[in-house]
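These notes concern the structure reproduced below.
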Amino acid sequence: MQTILGAGGVIGRGLARELPAYGTRVRLASRHPAAVNADDECVPTDLLDPEQVERAVAGSRVAYLVAGLAYDARVWEAQWPRVLGNAIAACARHGCRLVFFDNVYCYGRVDGPMTEATPMRPVSRKGEVRARLADRLLDAAACGEVDALVARSADFYGPEATHTFVHPMVFQKLLRGERAAWLCNDAVPHSMTYTPDAVRATALLGNSANVSAQVWHLPTAADPPDGRAFIAAVAAACGVEPRHYVLKPWLLRLIGLFNPLVRESMEMLYQNTHPYVFDSRKFSARYFAPTPYAEGIRATVAALRETTTIR
C-alpha cells in the first residue's frame, strides 16, 4: 500500500495514476477523496486530526504529503506544522517512508540558480513556514525518527495544472484568441516544472533506495525562458500571435485591496520581478532528464484543446 495524503490536487491525482506501476495498491486520504483508479481505497481524512492521519497511514510502505492548504499566511502558520507533525508521527509509528512535496518559498530571493544546497533565507511569512517544515522533516530523518525526504518543485505548468498563474493568464487566454498576461516582469527567466515530470519523479523517489534525509529538486528543464519567450512558445502551439501585456506590481497592489488571493500573493512577487532559476541536475544525473519546454507546452495545449477548460 502507498498512501497519498491530500490527494485532490494535480500531483495527488497524478500519483494515483503512477503508483500502480510499482505493483502497489493506492490509498487516497483527504477530506473528500475521489477514486482515480477503479481499485483505489478512499479514506476520508482530516490531516489536522492525528488519529485520522494514523489510520490513513497504517499498513502503508510510502506516504506522500501533497496537501494544499488555503493560500493564507495565517492558515499556513497555524495548520502546516500540525499537518506535517501528524504525518511524521504516523509514518514513524508504522515504519512508513514520508515524501514531502515542497515548493521553493523557503529559499527567498536567490541571486543565481536554486539548488538543493541553496541556504534557506525566506523573505515572506509563507516562506518562513516552509523553511520550518523542511527543517523539521530533515531533522527527523537525520536522527532516525522517520524515513523521509523532501521533493521540491518550481512553479507548475502542465495539462491539469490549473492552479498556477500561467494556466488562466497564458494558456487559456491564447487558446481563446485573447492577449496573454504575465506577472510583473516578462524579461527575466522563470523556471517551470512540467507536472507529469514532477509526478513521475515523486513516485520514483518514493520507491528508490538511498534517497532519504535529502532534498531533491524535481526535474525541471534548464535554460528557462523569460515571460515573452514562454508566451511565444504557447502562442506557436496554439497557432495564434503572441500578444500579451504585463500586470505591473502597482496594479496588483491595487487589485489586492479587493481580492484576498491577490493580496496574499503580494509577498511572493519577488519571484516574478527577479530571475527565478531552478536547478535539478542532482535528480537528472541519477534518474531522467526533464521534458523540454517546447515539448511540454505542445502537450499541454493539445490536452487543453480536448477539455472544456478553455471555454
On C-alpha positions alone, give me the angle between the axis of helix 293-305 and the longest principal axis of the chain, in degrees, nearest 10.
90 degrees
A38/A58 FRET efficiency (R0 30 Å; Cβ-Cβ; nearest 0.05)
0.85
Dipole size in debye (nearest 20) for the stretch 31-139 around its Cα centre, Lys and Arg Cβ +1, Asp and Glu Cβ -1?
300 debye
Measure nothing but the geometry: give the 0 to 90° angle between the long axis through the Cα atoms of 73-94 and the longest principal axis through the Cα atoms of the chain, rounded to 10°.
40 degrees
In degrees from 0 to 90, rounded to the nearest 10, what is the angle of the helix 227-238 Cα long axis to the longest principal axis of the chain?
90 degrees
Given a Förster radius of 22 Å and the C-beta distance between R17 and R305 as r, what FRET efficiency does 1/(1 + (r/R0)^6) yield to the nearest 0.05?
0.60
If the label point is 7 Å along Cα→Cβ of N259, which residues in the stretch 64-80 have backbone nitrogen under 17 Å from it?
71-72
Unpartnered cysteines - no second Cys beta carbon under 4.7 Å - across the chain:
C42, C106, C143, C184, C238
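Please tell me the relative contact order of the chain in percent, rounded to the nearest whole number, where contacts are Cα pairs under 8 Å and at least six residues apart.
On the way: 609 pairs, mean separation 53.0, N = 311.
With pairs under 8 Å counted, the relative contact order is 17 percent.
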Take Q214 and D49, extend 7 Å from each Cα along the Cα→Cβ direction, and tell me the distance between the two endpoints in nm.
3.7 nm
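Using a 1.4 Å probe on the protein chains only, how many percent of the accessible area of the chain belongs to carbon and sulfur?
On the way: 7070 of 13530 Å².
That fraction is 52 percent.
So what's the projected area for the stretch 200-310, the Cα convex hull averaged over all directions, in nm²? Working shown, then result.
Working: hull surface 39.4 nm².
So the mean shadow area of the Cα hull is 9.9 nm².
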Just from the alpha-carbon atoms, what are the Rg and Dmax of the chain in angstroms?
19.1, 56
Can you list, bin by bin at 5 Å, the percent of alpha carbon pairs in the stretch 1-134, starting at 0?
2, 11, 20, 21, 18, 14, 9, 5, 1, 0
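The values are calculated or read from the model by the stated rules, or taken from the named source; none is laboratory data. In this text the structure is predicted, and so the values were computed from the model without any measurement. As a convention, Cβ positions derive from the backbone with ideal geometry for all residues, glycine included, and neighbour counts pool all protein chains shown. Only protein heavy atoms, including side chains, enter the accessible area calculation; ligands, DNA and RNA are left aside. Shrake-Rupley method; radii C 1.70, N 1.55, O 1.52, S 1.80 Å.
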